[in-house]
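The values are calculated or read from the model by the stated rules, or taken from the named source; none is laboratory data. These numbers were taken from a predicted model, which means no experiment stands behind them. Glycine also receives a Cβ, built like all others from the backbone with ideal geometry; neighbour counts cover every protein chain displayed.
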Amino acid sequence: MAKLALLIRGTALLLCLLVFQAASTSDGQASVSRACIGSERDALLSFKASLLDPAGHLSSWQGEDCCQWKGVRCSNRTGHLIKLNLRNIDMGYYSDYSYPNRGRSLSLSAGEMSSSLATLQHLRYLDLSWNNFNGTSIPIYLSSLKSLRYLNLSRAGFSGRIPSQLGNLSKLQYLDLSWNYDYYGNKSYILDLAWLPRLSLLRHLDMSYVDLGSARDWFQRVNMLPSLKVLRLSVCGLNGTMSASTSISNLTHLEVLDMSGNTFHTSLKHAWFWNLTGLKELHLSDSGLEGSIPSDLANMASLQVIDFSWNNLVGLIPKKLENLCNLASMRFSGNNIGLSLEEFMERLPKCSWNTLQELTLGSASMTGNLPIWIGNMTNLSILQADSNMLTGPLPVGVGALGNLKILDLSYNNLSGVLLKEHFASLGNLKVLELSYNSFNSVKEQFASLGKLERLDLSHNSLSGVLLKEQFASLGKLENLNLSHNIFRGVLLKEHFASLGNLKLLDLSYNKFSGVLVEEHFAGLLNLEYLDLSYNSLRFAIDKKWIPPFRLKVARFRSCLLGPNFPEWLKSQSNIEVLVLSNANLDDIIPDWFWVTFSQASFLQASGNKLHGSLPAHPTHVSR
């Protein structure tokens with residue numbers, strides 16, 4: 001009996017050891033016990049030496065154990081380096097994708113990238129995206145890393161011809177070569193895609209912004225990748241018909257297709273992708289598509305995203321779309337639908353009313369009213385139907401769209417009164433854009449819109465007096481435009497007291513009145529754009545006052561700033577546009593004026609009684 005118990009305990013111990021060993025030898029986990037291999041550490045250090053790293057992304061690359069360095073992962077079983085992730089973590093720092101904003105990314109210290117990475121023959125994952133490799137070509141030696149499953153070279157500042165030797169990476173499942181170009185905007189390009197079918201295991205392929213204009217057989221080559229789930233070929237210079245000589249596509253596993261930004265100039269009717277009923281996303285914006293939307297759309301039951309925006313499609317969507325119950329986003333802006341908005345929306349399958357999150361129909365030549373049942377689409381977060389010919393009042397059902405973040409109905413002919421009910425449940429709204437309509441009154445304090453960042457009611461016929469608490473709840477507001485209306489009454493200090501995040505304030509072309517003092521502006525800490533032109537406003541500002549903001553644009557046409565020249569402007573050296581015309585100024589132009597505004601692109605002070613000297617070459621001055 002004792003022997004049996006001993007045998008059981010021994011067996012249990014052996015099993016525990018085996019489980020522990022299996023868990024610790026997974027290639028997918030970082031090394032915690034095995035130091036990196038010396039030759040691979042040397043390869044990383046050699047690679048680092050070829051780079052400029054102004055943000056210190058590679059500052060942890062020191063010491064003996066490279067497996068503990070940031071962005072590096074080794075196999076616990078073999079100690080070999082299997083993952084290298086040098087994706088620029090500061091990509092959110094960029095305001096756009098242009099070269100001047102890449103100052104925190106990795107770049108080359110000399111002409112070429114070090115070839116030392118070629119020694120990392122066990123590497124399975126390589127990400128160099130969102131860096132700036134100075135417009136050099138993608139290194140051919142990367143094609144020798146035949147263990148790679150994942151290769152991401154997107155937005156890395158490469159240019160020139162993409163090497164066909166990448167076809168040697170037969171184990172690749174993920175390849176992203178998108179959005180590479182040099183300082184002058186020269187794109188990377190491919191002349192022949194004959195190498196692509198050798199990557200037969202690919203599931204994700206992104207060549208967006210790669211010039212494929214000379215790769216005439218692009219579809220035939222891509223069609224030989226039966227495992228593809230994601231295919232992105234936007235802005236690739238593709239043209240001609242979307243019909244393929246191969247009547248049936250082999251891409252039966254495809255879930256995401258993006259060919260936006262090309263110039264097909266063809267009908268959708270015989271497109272090669274209509275048999276891909278597993279598609280979840282179909283992106284074809286700005287691709288020169290013409291004609292009507294074929295009934296084949298009704299068979300795409302898995303679709304979640306449809307983007308046909310900015311083409312020349314005409315007419316309504318097909319009638320029988322009851323199978324499209326998974327729709328989350330429909331983008332049809334910039335087409336020539338030319339019919340009733342309500343009829344268009346009635347053709348949306350009712351089963352999608354609770355799934356639809358985005359509906360964009362701007363600049364689509366649509367007429368009629370916004371349907372009164374719009375409130376049934378309770379999941380909508382973006383509703384955009386600007387630049388159409390919509391008429392009638394805003395339905396109160398809009399106020400039931402509690403998930404709405406963007407509401408843009410500008411540039412229409414909507415009319416009536418804006419009521420509290422219109423905004424009752426819009427606590428998540430960030431953008432409210434109702435400019436260029438014919439609304440005549442506001443009966444709402446916007447108390448429920450605590451997350452609002454942009455409020456534009458300009459170019460309407462809105463009248464009445466702003467309530468003291470009109471904007472009290474809008475602490476996150478950055479843009480407030482009430483210009484070109486008929487608002488009247490005295491501007492109170494309380495109107496702006498809560499608007500500490502405001503960057504743009506435009507109240508021009510109204511009938512506001514009263515005296516403005518320092519307290520009116522005390523809370524506007526982030527203001528950059530201020531336009532109070534064409535009101536009956538008088539400034540009574542102490543000459544020693546220093547504003548809490550730094551303006552870039554200041555327009556005070558027909559405001560009473562004088563008779564003395566406003567000394568507080570001396571602190572506004574960031575100004576690019578300054579308009580002081582007809583401002584009742586009767587004074588000498590101060591000495592500091594030309595120095596303070598030496599970088600301004602436009603200065604206007606006509607219609608005053610200013611005197612003094614002008615600079616020798618006042619090219620930016622309108623007298």
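Of note:
- First in segment 455-472 and over 11 Å from ASN437 (Cβ atoms), second anywhere and in a loop (DSSP other than H, G, I, E, B), Cβ under 6 Å, 6 or more apart: LEU467/GLN445; LYS468/LEU492; GLU469/GLN445; GLN470/GLN445; ALA472/SER498
- Any hit, segment 513-524, residues being of a type in the set (Ser, Thr, Tyr), more than 38 Å from the chain's Cα centre (by Cα) and within 15 Å of LYS493 (Cβ to Cβ): yes
- Each residue in segment 38-69 was checked for being in contact with a Phe, Trp or Tyr (Cβ under 6 Å, 6 or more places away or on another chain), within 25 Å of GLY111 (Cβ to Cβ) and part of a loop (DSSP other than H, G, I, E, B), and 1 of them qualify.
- Condition met for ASP127 (loosely packed, with under 15 Cβ neighbours inside 10 Å and modelled with pLDDT of 90 or more): no
- Among the residues of segment 552-579, those identified as closer than 18 Å to ASP542 by Cα and part of a loop (DSSP other than H, G, I, E, B) are PHE556, CYS559, LEU561, GLY562, PRO563, ASN564, PHE565, PRO566, GLN572.
- Candidate set: segment 394-430, residues that are out of contact with any Pro (no Cβ under 7 Å at 6 or more places or on another chain), of a type in the set (Ser, Thr, Tyr) and without any contact (Cβ under 8 Å) to a residue 40 or more places away in the chain; chosen: the one nearest to SER333 (Cα to Cα): TYR411
- Matching residues in segment 358-373 - criterion: being more than 16 Å from SER309 (Cα to Cα) and not hydroxyl-bearing (Ser, Thr, Tyr): GLY368, ASN369, LEU370, PRO371, ILE372, TRP373
- Checking each residue in segment 259-306 for being of a type in the set (A, V, I, L, M) and farther than 18 Å from THR355 by Cβ picks out MET259, LEU268, ALA271, LEU276, LEU284, LEU289, ILE293.
- Checking each residue in segment 175-184 for being under 20 Å from ARG203 (Cα atoms), out of contact with any Ser or Thr (no Cβ under 6 Å at 6 or more places or on another chain) and part of a loop (DSSP other than H, G, I, E, B) picks out only LEU177.
- Selected residue [farther than 26 Å from ASN479 by Cβ, among the polar types (S, T, N, Q) and either part of a strand (DSSP E or B) or free of Cβ contacts under 8 Å to residues at least 24 places away in the same chain (or both)] from THR391, THR355: THR391
- Residue match in segment 134-157 (condition: over 18 Å from LYS83 (Cβ atoms), without any contact (Cβ under 8 Å) to a residue 40 or more places away in the chain, assigned to a helix (DSSP H, G or I) and aromatic (Phe, Trp, Tyr)): yes
- None of LEU191, LEU201, LEU172, LEU166 is surrounded by 21 or more Cβ atoms within 10 Å (Cβ to Cβ), part of a loop (DSSP other than H, G, I, E, B) and among the hydrophobic types (A, V, I, L, M, F, W, C) except LEU172.
- Answer residue from segment 71-102, given it is loosely packed, with under 13 Cβ neighbours inside 10 Å and in a loop (DSSP other than H, G, I, E, B) and is modelled with the lowest pLDDT among those: SER95
- Criterion violated by VAL595 - all others in (1) within 30 Å of GLY464 (Cβ to Cβ); (2) in a helix (DSSP H, G or I) satisfied: (1)
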